[in-house]
Amino acid sequence: MSSEAPGGAAPTAGQSVCYRHGDRRSFVRCQRCGRVICGECQTPAAVGVHCPECTAQARASAPRTRSPLARAFRSGSRTPVVTYSISAVTLAVFVLQLVLGPVVTNALLYWPPLTTVEPWRMLTAALVHSPTSFFHILFNMYSLLVLGPLLEGLIGRARFGWVYALSAFGGSLAVLWLAPNQAVVGASGAIFGMLGAFFVIQRRLGGRSTQLIVLIALNLAIGFVVPGISWQAHVGGLVVGALAALIMLRTRRVDQQRRQTLLLGLFALVLVLATAARFVLL
């Protein structure tokens with residue numbers, strides 16, 4: 001009795017040898033295609049067994065199970081991955097500050113005289129915090145983890161990234177103009193930018209903003225009263241965050257998305273030009 005070659009037609013009812021191993025008798029058939037299969041070729045299924053070819057086809061057509069991390073980053077997920085990513089990177093940098101000492105802080109802090117040679121410090125300053133004060137990073141990260149998911153859920157991941165980055169830059173820009181000899185560290189400018197954006201959005205949606213105004217006022221007052229806190233970065237971040245949110249609100253329709261991206265890019269360019277103007281005019 002001859003056996004059927006792999007990939008051939010289904011065996012007839014009289015066949016009793018494995019279609020892959022012609023010298024092995026079997027009376028078990030694949031539940032899907034009906035081929036006779038020996039014990040070596042059988043793969044247990046929900047009902048009966050499958051042959052190697054049907055098993056491979058089922059595995060290829062089955063949806064892949066994504067990891068929790070992949071599911072969080074997929075489109076449509078409500079997980080505030082930008083907020084969590086920023087906080088994770090900031091905390092990692094703080095650990096490096098504690099382990100490696102001043103070299104990390106000195107490499108990332110913002111000091112206005114270095115702007116022309118190391119302009120990236122205007123952004124990286126938001127990643128470093130005072131290594132001698134745990135309250136500094138705890139307050140900023142607490143604020144980020146409380147406000148970030150709310151704001152990211154309202155405006156989306158990309159827009160939230162715009163607000164955070166532009167606000168951090170705006171805080172450094174204010175330091176450049178108002179305190180040109182002061183070195184600064186911390187995400188406070190970006191945090192105040194989130195507060196400014198939240199205020200603009202809440203007002204636009206008709207929500208009550210009294211509590212938010214009080215919160216902003218109290219935090220701004222602390223910057224003026226407590227020594228060692230850069231109120232300039234707070235004010236700069238607040239203003240830039242509010243303006244970025246205003247641009248987003250004015251161009252929030254689906255058919256205005258290209259205009260929104262263009263306007264945000266132009267806004268970023270204005271901040272860069274304001275940075276350059278500081279060295280041209282003074």
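Where a number appears in this text, it was derived from the coordinates with a stated rule and is not lab data. Note that the coordinates shown come from a computational prediction; the quantities given were computed from them, not determined experimentally. Quick reminder, even Gly has a Cβ in these numbers, built from the backbone with ideal geometry, and neighbours come from all protein chains shown.
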Find out how many positive minus negative residues lie around Thr115, taking Lys and Arg as positive, Asp and Glu as negative, among other residues whose Cβ is under 12 Å from that of Thr115.
-> +1
For Leu212, Leu269, order by how many other beta-carbon atoms lie within 10 Å, fewest first = Leu269, Leu212
Once you've got the GNM for the chain with C-alpha springs shorter than 10 Å, pick whichever of Ala88, Ala46, Ala60 has the biggest mean-square fluctuation.
-> Ala46
So which chymotrypsin sites (Phe, Trp or Tyr not before Pro) in the stretch 200-277 end up in coil per DSSP with only 15 or fewer other C-beta atoms within 10 Å?
-> none
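Taking the Cα centre of the chain as origin, sum charge times position over the Cβ atoms of Lys and Arg (+1) and Asp and Glu (-1), and report the length of that vector in debye to the nearest 20. Walk me through the numbers on the way to the answer.
Details: 24 positive and 7 negative charges, 193 e Å.
Roughly 920 debye for the chain.
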Which is farthest toward the positive dipole end of the stretch 77-281 among Ala174, Val99, Phe160, measuring Cα position about the Cα centre, with Cβ charges +1 (Lys, Arg) and -1 (Asp, Glu)?
-> Phe160
The stretch 221-282: C-alpha gyration tensor shape, a/c 1.5 cut-off, then a/b vs b/c | oblate
What is the packing order of peptides 175-181, 245-251, taking the mean over residues of other C-beta atoms within 10 Å and listing the highest first?
-> 245-251, 175-181
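In which sequence would Leu151, Leu91 go, from the one with the fewest C-beta neighbours within 10 Å to the one with the most?
Details: Leu151 25, Leu91 14.
Final ranking by Cβ density, sparse to dense: Leu91, Leu151.
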For the stretch 142-282, what class follows from the C-alpha gyration tensor (a ≥ b ≥ c being the square roots of its eigenvalues): rounded when a/c is under 1.5, otherwise prolate if a/b is larger than b/c, else oblate?
-> oblate
Of the peptides 103-110, 252-259, 115-122, 187-194, how do they stack up when ordered by the mean number of other Cβ atoms within 10 Å, highest first?
-> 187-194, 103-110, 115-122, 252-259
If we count other beta carbons within 10 Å of each Cβ, what is the order of Phe198, Phe27, fewest first?
-> Phe27, Phe198
